[in-house]
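The values are calculated or read from the model by the stated rules, or taken from the named source; none is laboratory data. These numbers come from a predicted model, not from an experiment. Heads up, the Cβs are rebuilt from the backbone with ideal geometry, glycines too, and the neighbour counts pull from every protein chain shown.
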Amino acid sequence: MTAVLCRHFGLRHMETAEDIAGDTFLKASEHWAIHGVPDNPTAWLYTVAKNKAKDHIKHLSVVETQVRNQSGAERIRYEEAFEYHEQGIADSQLAMIFAVCNPANANKSQICLALQILCGFSVEEIANAFLTNAETIKKRLQRARSNLRNDNFQIGLLSEAAIVSRLPTVLKTLYLVFNEGYFSKTGDQLVRKELCSEAIRLGLVLTENPLTNTPQVNALMALMCYQSSRLEARTGAGGETVRFDEQDRERWDKALIQRGHQYLINATTGNEISAYHLEAGIAYWHTVASDVNKWPHILQLYNQLILIEYSPIVALNRTFAFAQVYGRENAIGEAEKLCLTGNSHYHTLLGYLYSETDTGKAIAHYEQAIHATRSKRERQVLADLKMRCAAGPE
Amino acid sequence: MKEFALIFRLKDLADFQPSPEQMQERMNWLAGIAAQNKLVDKGNTLLPIAGSAKTVKADDVVTDGPYTEIKEFISGYIVVKAETIDEAVAMAKGNPIFKVGGNIEVREVLKRD
């Protein structure tokens, strides 16, 4: 709703648009509690928002008329522009996605802004997802907004060239929002799931417009569907994390995996192989139960991925895949070459690689990993691994 | 960090078309360097085959291929970064090219800009 309103007010009046959206929902909660939910809640909400917006513009106009006599034309233009039909909503959301995902902002700010404006998260909810306080998030959002304003970015009709040049940033933002949910530090399952499904929802908006329904977008959608299929299975009854190889495959969401297949097929039109393609390919192989070629394929995909762009986590995952293909002992050299000594995952990997051959070293690495991590949940998992290691081979 | 070019040489044209296993080994080696964040340029393959390789010499002499006089030919190159040339040499040692009688020349890159 903020997106639709913003498109007509302009990004400069984002706060106004948000206030109106907020008021609308407040009115809805009061009205619906007494009169019941209307037959078409969306239409109801937009009608209220429309009226509130009109009131606001009238008020503005009155003020402006007193200052300068030129508001009549403006008002007519605004009123004509208010159309809340479905296509309008979809287009506004798309335009808003492109306005918010601006490289003028740092990664973290982009996620915060996307969560607030595109997903309607409150400051507290965002703070909860980032495990930080509301004040920090507020400041981050303020900075991000003023960056957007300074960048003078317009929400409106997007030219094909603008879409092509901005799309990578948009995808990166969705990818970050998704990962924030999937690998979030917060233990709050609800928040995590919501982040993941919001990223998918925004991705859906992209696939529904022919201009943005590109192979890369489909590859990212495939990746997110495959990953999400395990959201349920990887949480145990007590809220603890269940490791991949110990998950109950029956709890994997088959429908989401199927969706993933469809997107992956759509992603293969054209010759382009992006990092999202490779990651989707890896995620695809993770949904396959057992196949002799599974790990060699995953290793090759990681090999290609690390050649596109270096990242410590890809380097570590690649080494894990290497161990699955060539054995843990042969992977130790590969792992130690990475020299990521301050990284808890690096020590976790080495703990795993040593666990069959050198229990002492394995335990030492698990201890270093426990020392290096700041996540309480990860510490629990690591303590468990260390204990199993000390207890000897299973 | 300095940059070093690793220049690959082969003796036998037949080795230029690697088997899938050789490809995989080579890819593992290359990705292993990238995983250390030490790959500057994944380089290129230089085609040694007829129609893709000529040597130009003085007096307007042009010969086919690079191999009329030298027994070896260059098959490609990559650029890595390392603290010392010894570190670059250690990286080169892991390449599977030696299994087919090839060799690698390691050369520090002096940038001209």
Identify all residues within the stretch A:193-214 that are aliphatic (A, V, I, L, M) and touching a residue at least 24 places away in the same chain (Cβ under 8 Å); write none if there are none. A:195, A:199, A:200, A:202, A:205, A:206, A:211
I'd like to check something: does the stretch A:299-311 contain any residue that is under 26 Å from residue A:236 (Cβ atoms) and either out of contact with any Lys or Arg (no Cβ under 6 Å at 6 or more places or on another chain) or aliphatic (A, V, I, L, M) (or both)? no
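Every residue, every condition in (1) more than 21 Å from residue A:278 (Cα to Cα); (2) crowded, with 21+ Cβ neighbours inside 10 Å; (3) touching a helix residue (DSSP H, G or I) at 6+ places or on another chain (Cβ under 8 Å); (4) in contact (Cβ under 8 Å) with a residue 24 or more places away in the chain, yes or no:
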residue: A:297; (1), (2), (3), (4): no, no, yes, no
residue: A:318; (1), (2), (3), (4): no, yes, yes, no
residue: A:332; (1), (2), (3), (4): yes, no, yes, no
residue: A:349; (1), (2), (3), (4): yes, yes, yes, yes
residue: A:353; (1), (2), (3), (4): yes, yes, yes, yes
residue: A:378; (1), (2), (3), (4): yes, no, yes, yes
residue: A:387; (1), (2), (3), (4): yes, no, no, no
residue: A:392; (1), (2), (3), (4): yes, no, yes, yes
Among the residues of the stretch A:283-295, count how many are touching a residue at least 40 places away in the same chain (Cβ under 8 Å) and more than 23 Å from the chain's Cα centre (by Cα). 1
From the list A:181, A:156, A:187, which residue is under 8 Å from the mean Cα position of the chain (by Cα) and at pLDDT below 85? A:181
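Restricting attention to the stretch A:371-394, which residues are under 11 Å from residue A:351 (Cα atoms) and among the aliphatic types (A, V, I, L, M)? First the steps, then the outcome.
Let us first name the residues in the stretch A:371-394 that are under 11 Å from residue A:351 (Cα atoms), namely A:382, A:385-386, A:389.
Scanning the stretch A:371-394 gives A:382, A:385.
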Under the condition of being farther than 30 Å from residue A:314 by Cα and among the aromatic types (Phe, Trp, Tyr), which residue from the stretch B:55-81 is farthest from the other protein chains (Cβ to nearest Cβ)? B:67
What do you reckon, is residue A:264 closer than 25 Å to residue A:192 by Cβ, more than 14 Å from every other protein chain (Cβ to nearest Cβ) and not in a helix (DSSP H, G or I)? no
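Is it true that residue A:210 is surrounded by fewer than 18 Cβ atoms within 10 Å (Cβ to Cβ) and closer than 21 Å to residue A:267 by Cα?
yes
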Of those in the stretch A:289-344 that are more than 12 Å from chain B (Cβ to nearest Cβ) and of a type in the set (Ser, Thr, Tyr), the residue nearest to residue B:43 (Cα to Cα) is A:341
With respect to residue A:204, determine if the residue is farther than 20 Å from residue A:116 by Cα and modelled with pLDDT of 80 or more. no
Pull up the stretch A:215-235, narrow it to residues that are in a helix (DSSP H, G or I) and free of Cβ contacts under 8 Å to residues at least 60 places away in the same chain, then point me to the one that is surrounded by the most Cβ atoms within 10 Å (Cβ to Cβ). A:224
Could you tell me whether the stretch A:270-277 includes any residue that is among the hydrophobic types (A, V, I, L, M, F, W, C), more than 14 Å from every other protein chain (Cβ to nearest Cβ) and either touching a residue at least 40 places away in the same chain (Cβ under 8 Å) or buried (at least 21 other Cβ atoms within 10 Å of the Cβ) (or both)? no
Would a scan of the stretch B:37-54 turn up a residue that is assigned to a loop (DSSP other than H, G, I, E, B), over 16 Å from the mean Cα position of the chain (by Cα) and within 11 Å of another protein chain (Cβ to nearest Cβ)? yes
Cβ-Cβ below 9 Å, separation at least six or inter-chain, first residue in the stretch B:1-27 and farther than 25 Å from residue B:37 by Cα, second among the hydroxyl-bearing types (Ser, Thr, Tyr) and assigned to a strand (DSSP E or B): which pairs? B:10/B:75; B:15/B:75; B:16/B:45; B:16/B:75
Go through (1) under 30 Å from residue A:295 (Cβ atoms); (2) at pLDDT 90 or above for residue B:16 and report which single condition fails. (2)
What number of residues within the stretch A:311-336 satisfy the criterion of being within 22 Å of residue A:373 (Cβ to Cβ) and not in a helix (DSSP H, G or I)? 1
Would you point out the residue of the stretch B:5-21, among those that are assigned to a helix (DSSP H, G or I) and more than 14 Å from chain A (Cβ to nearest Cβ), that is farthest from residue A:297 (Cα to Cα)? B:13
